[in-house]
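Written below as structure tokens is the structure these notes are about.
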């Protein structure tokens, strides 16, 4: 279910402060954040955020197309290593 329009997008307060501070400094540093639930605003376009995925901070460069999405969408938390070959079944029979 999406958020009510009259409430506006949810953004953690400290995130706005960090973005403004980064813009004022002029340096393109990675801004470390844990707020995966926060919505990406137009003020964040062009900034690089390090979004925490539970193990490390993944760099996310915000573009125009990302506005309105959540930071967590661009930092996957699960790593699929693939299916194991030792499962038996038909492939084992084909090798013999």
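No lab work stands behind these numbers, since they all come straight from the coordinates. Values in this document were obtained by computation on a predicted structure and should not be read as measured data. Every residue, glycine among them, receives a Cβ derived from its backbone with ideal geometry; neighbour counts consider all protein chains shown.
Consider residue 22 carefully, then state whether it is under 11 Å from the mean Cα position of the chain (by Cα) and surrounded by 11 or more Cβ atoms within 10 Å (Cβ to Cβ). Judged against the criteria, residue 22 is not a match. Within the range 37-52, the set of residues being closer than 14 Å to residue 76 by Cα and surrounded by fewer than 16 Cβ atoms within 10 Å (Cβ to Cβ) comprises 37 only.
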